[in-house]
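Enquirer: Below are the structure tokens for one structure; questions will follow.
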Amino acid sequence: MNFKKTVLLVPWLTAIKPCLVFAQAHISAFAASDDLEELASQRIAELEALMRTAESRSFDVTREETILWFAKNFLKFADWDEAHKPKVRVFFENYRPFAEEAELYAENLPSFQRQKVIDILEGGIGNLKDVIEGDIIRRPVSKVDWEGIDVGENYFLSHGKPVFLYDYFSKSMGIPRTDESIYNDHLGNIVSLPSVNPFWVKSDGELRSDLLDSIREMDDARVGYALLWNSNVPDWVKEEEPEVEKGRSLFTGFDVDNPLMRDIWGEIVRKVGEVSKGMNAIKMGFILSNEPHWFSEKGHWTQGFREMTEISSYTVAKFRRWLEAKYGGDLSEVNLNWRTDFDSFSAITVEIPLDPEIRGEPLWYDWCRFNMDRGIDWFTYLQGELLRGNPQADTSIKIMPDLFTENNRSHGIDLEALTELTTMIGDDAKTRGRDLRRSQPEEWEERYAYFWEELAVSYDFMESVAPDKIHINSETHFLSSSWWRELDTSVDYVRSSFWLATLMGMDAGLTWFWARDPDGSPEDRLEGDLDFFDPAMAGAYAASTAMQPQVANELTQVMFDLNSFSEEIVALREQRRPLRFFYSETSAINTRDYMTKLNKLYEECFFEGFPLGFVTENILKKQDQSSWDVVVVSNNKYVTDAEFAALQSYLDEGGTVVLADRESLSLNEYGHPRSEKLLVGSGKLVQLEAGSDLRRIKQAALEEVAEMPTVIITEKNGKPFKTVTWRVVQQPNGNYLVNLLNLGHTETQLHLSVKGGTTALITDLMTSNAVDANFKLEPLGVLLLEVKE
């Protein structure tokens, strides 16, 4: 449930120096520690008394049990922080945006946490009073059966119902996974295999038997996953293979084309797959890599981490073979495209990193496409070797979705191909407030309360590619990321971001990160001599969830609610995606602002009452085309002949295409003009006038959607844009489910109507209270309604 706020604290993101503003504002914002602790104790006693009353009347108090757990633990955490302010100060000093006022943060943190404990207790008291007095009727929490999880077709199952799993990624390292003070219903209860990495192989080529035994001997009662860590290479490998680090990247510390490393990893995954076969601890699958990418252009920030500053002889040879196959052995075509005079394919050279100024030229395209193909080849090999050891193993890759939603394409990640390859969808999508490096508002802030584009666009793309796969976000960055976090994060934001992600496909989310041990001290990696801390880890701890009782509690509360309504959420997200955008990796590689324009078009259509989707050449060829009504082709100037042919075939088979501009499809991947034009065939081709704006494109697309929602939401917010995204689905009993999220930062007036003017009975499913046809939705508000005609 949503909790009432009793204290309004100054947000961190308020000025050019947000940290200073917050710290100074809080010097006098809190009562004395003793007063706060006494008030918290009183509220705990009051809530416990109400819980006894509620239980005596057979009301579910699972939500309140979690509030109490967080309240008592965070009071303990506040005591630890108060007794260790110099250590706490160092954590803030290691995160640059907070470093200047680290001492003030350390001073105020204990009282801040105690006040937030009081807030969540008072919110819980108010809600439980409403339950007892009959003002609201809430559905009992459907707890996760961590030991009884089944892997379904496209979601996990608990007690035979869909379930959305939750926990933290990187959780209290050093604490046994059997410790119930860390592994429980409040924080999550997911386990993982020991870290799998190249150091499992000894210099004689044999695997360490003790590490394999640690898998065999681990507690296998609960659901879990395995993660392959690729960051480092043993010294003996560097000595035996001098080129092994040429072509390395930030989190892949070796050349993926290196034959020795391929042999090492093949041996590891075959054996680990074999010994873990059938275990509950791998039901969430093997994560094949942590945030892989191979940025290959000059000036990119990853150059500072030695990413692709040079390439190995193995990669050069592989590129030559790729070019020979791509060009059908015609070297003259390579020389013509590249404006070179190589006398053989074996003589071809390329300078890596590339100059980004050549984007759109044939050399740029060839390298970027090859770089993606070598990434596909690496993960195909890795997954294939794993499946040799365990043919039933599930897999995913922790892909950074901003590699898709941002414009850069030199990174070697083909999101479509890798999503098709693995048996589960994998990512670590983020939502956020303003980037802390920015002193001025970002463009999205005019309309929205937070940046949701990366999450929504990437999830709709991946779900379009693989609509029947389980979706795992193995490192959710909704609550903190490298350049965003707020100590006073809004509970409404927490609820909105996790609800949106789950509605759009997320079946399991591991939140970054939980670094508190049960006694309140930081986990082992952050303890000891402060001079030897990893600054990145120390900085990540500053203002993280483990410092924010209101955030930790709300995360669990929203997952309780989502799981209590899991069947309804699944029904809402498993709908047709009638409006599809054509995505061309070819245009994305060649066009500097391809995703900027695509994201704008997506945003324009996001608030019309149904899920959006994408098509590609492969989707057009492989999926049932009755799954959508219309394909919008916009800003796709560069396409391969195969992509063009797929669109023409779609039209020939009766499909509908809205061609939004005159330049789309006009060039091939190398910028050579295409003489062919799309023909209407047996379908419908809508050619828009030159210069059509986003609204005109949306209007033309909506006119081709066969069936708009029966329930209609009309939004009035006094602005020329919408902020409430909504979905409607009819239930087997004939009633309608309606989900609404206000992504804006202002209250919105809404009107709900039914086609034909039928009078409807509207019920808020979270409270069982009636809702008028005209109602308001607060900023970041979430509503789940049932509409009965």
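The values are calculated or read from the model by the stated rules, or taken from the named source; none is laboratory data. Small disclaimer: the values here were computed from a predicted structure and weren't measured. Cβ coordinates were reconstructed from backbone atoms using ideal geometry, including for glycine residues, and neighbour counts include every protein chain displayed. In case anyone asks, the SASA skips ligands and DNA or RNA and just uses the protein heavy atoms, side chains included. Shrake-Rupley method; radii C 1.70, N 1.55, O 1.52, S 1.80 Å.
Enquirer: Consider residue 185 carefully, then state whether it is surrounded by 16 or more Cβ atoms within 10 Å (Cβ to Cβ), of a type in the set (D, E, K, R), over 30 Å from residue 266 (Cβ atoms) and without any contact (Cβ under 8 Å) to a residue 24 or more places away in the chain. Give the steps one after another, and end with the answer.
Expert: Values: surrounded by 16 or more Cβ atoms within 10 Å (Cβ to Cβ): yes; of a type in the set (D, E, K, R): yes; over 30 Å from residue 266 (Cβ atoms): yes; without any contact (Cβ under 8 Å) to a residue 24 or more places away in the chain: no.
The answer is no for residue 185.
Enquirer: Let me ask something else about it. Considering segment 763-774 alone, what residues qualify as being touching a residue at least 60 places away in the same chain (Cβ under 8 Å), assigned to a loop (DSSP other than H, G, I, E, B) and not hydrophobic (A, V, I, L, M, F, W, C)?
Expert: Passing the criteria: 767, 768.
Enquirer: What are the residue pairs meeting all of these: first residue in segment 642-662, first residue under 12 Å from residue 683 (Cβ atoms), second residue basic (Lys, Arg) and open to solvent by 20 Å² or more (accessible area, probe 1.4 Å), Cβ atoms under 6 Å, and 6 or more apart or on different chains?
Expert: As it stands, the answer is 656/684, since those pairs meet every condition given.
Enquirer: Would you be able to tell me the number of residues in segment 215-252 that are within 30 Å of residue 178 (Cβ to Cβ), over 28 Å from the mean Cα position of the chain (by Cα) and open to solvent by less than 40 Å² (accessible area, probe 1.4 Å)?
Expert: So the answer is 2.
Enquirer: Continuing with this model, one more query. Spot the failing condition for residue 404; the list is (1) closer than 24 Å to residue 592 by Cβ; (2) assigned to a strand (DSSP E or B), and only one is missed.
Expert: Among (1) closer than 24 Å to residue 592 by Cβ; (2) assigned to a strand (DSSP E or B), residue 404 violates only (2).
Enquirer: Mind counting the residues in segment 253-263 that are surrounded by fewer than 22 Cβ atoms within 10 Å (Cβ to Cβ), over 15 Å from residue 306 (Cα atoms) and touching a residue at least 12 places away in the same chain (Cβ under 8 Å)?
Expert: So the first thing to find is which residues in segment 253-263 are surrounded by fewer than 22 Cβ atoms within 10 Å (Cβ to Cβ), and the list is 253, 259-260, 262-263.
Next, from what is left, pick out any that are over 15 Å from residue 306 (Cα atoms): 259-260, 262-263.
Retained after the next criterion (residues that are touching a residue at least 12 places away in the same chain (Cβ under 8 Å)): 259-260, 262.
Here the count works out to 3.
Enquirer: Next question. Looking at segment 748-762 only, could you name the residues that are open to solvent by 30 Å² or more (accessible area, probe 1.4 Å), part of a strand (DSSP E or B) and under 26 Å from residue 718 (Cα atoms)?
Expert: The answer is 749, 751, 753.
Enquirer: Starting from segment 190-216, keep only residues that are within 13 Å of residue 267 (Cα to Cα), then list their pairs with residues that are among the acidic types (Asp, Glu) and surrounded by 17 or more Cβ atoms within 10 Å (Cβ to Cβ) whose Cβ atoms are within a distance under 8 Å, requiring at least 6 positions of separation or different chains.
Expert: 201/267; 205/267; 207/267
Enquirer: Let me ask you something else. Taking the stated definitions as given, is residue 698 touching a residue at least 40 places away in the same chain (Cβ under 8 Å), among the charged types (D, E, K, R), over 25 Å from residue 491 (Cα atoms) and part of a loop (DSSP other than H, G, I, E, B)?
Expert: So residue 698 fails the test.
Enquirer: Same structure, new question: Considering each of 680, 631 in turn, give the residue that is modelled with pLDDT of 95 or more, loosely packed, with under 15 Cβ neighbours inside 10 Å and in contact with a helix residue (DSSP H, G or I) (Cβ under 8 Å, 6 or more places away or on another chain).
Expert: Just a single option satisfies the conditions, and that option is 680.
Enquirer: Go through segment 190-214 and give me each residue that's in a strand (DSSP E or B) and surrounded by fewer than 19 Cβ atoms within 10 Å (Cβ to Cβ).
Expert: Matches in segment 190-214: 207 only.
Enquirer: Identify, by number, the condition in (1) open to solvent by 10 Å² or more (accessible area, probe 1.4 Å); (2) closer than 27 Å to residue 673 by Cα that residue 368 doesn't meet.
Expert: Among (1) open to solvent by 10 Å² or more (accessible area, probe 1.4 Å); (2) closer than 27 Å to residue 673 by Cα, the lone unmet condition for residue 368 is (1).
Enquirer: Sticking with this structure for a sec: I need the full set of residues from segment 410-434 which are farther than 30 Å from residue 363 by Cβ, among the acidic types (Asp, Glu) and not in a loop (DSSP other than H, G, I, E, B), in order please.
Expert: 427
Enquirer: When the residues of segment 225-244 are narrowed to those that are at pLDDT 95 or above and touching a Gly at 6+ places or on another chain (Cβ under 7 Å), which ends up nearest to residue 310 (Cα to Cα)?
Expert: 233
Enquirer: Residue under question is residue 489, and the condition is that it be over 18 Å from residue 97 (Cβ atoms), among the polar types (S, T, N, Q) and in contact with a Leu (Cβ under 9 Å, 6 or more places away or on another chain); does it hold?
Expert: In short, no.
Enquirer: Out of 271, 277, 246, I need the residue that is not acidic (Asp, Glu) and not in a loop (DSSP other than H, G, I, E, B). Which one?
Expert: Only one candidate qualifies: 271.
Enquirer: Also, quick follow-up: Suppose the filter is at pLDDT 95 or above, open to solvent by 60 Å² or more (accessible area, probe 1.4 Å), of a type outside the set (Phe, Trp, Tyr) and over 16 Å from residue 69 (Cβ atoms); does residue 135 pass it?
Expert: For residue 135, the condition - at pLDDT 95 or above, open to solvent by 60 Å² or more (accessible area, probe 1.4 Å), of a type outside the set (Phe, Trp, Tyr) and over 16 Å from residue 69 (Cβ atoms) - is met.
Enquirer: Could you go through segment 77-99 and let me know if any residue there is at pLDDT 95 or above, over 30 Å from residue 537 (Cα atoms), buried (at least 20 other Cβ atoms within 10 Å of the Cβ) and under 31 Å from the mean Cα position of the chain (by Cα).
Expert: No, that holds for no residue.
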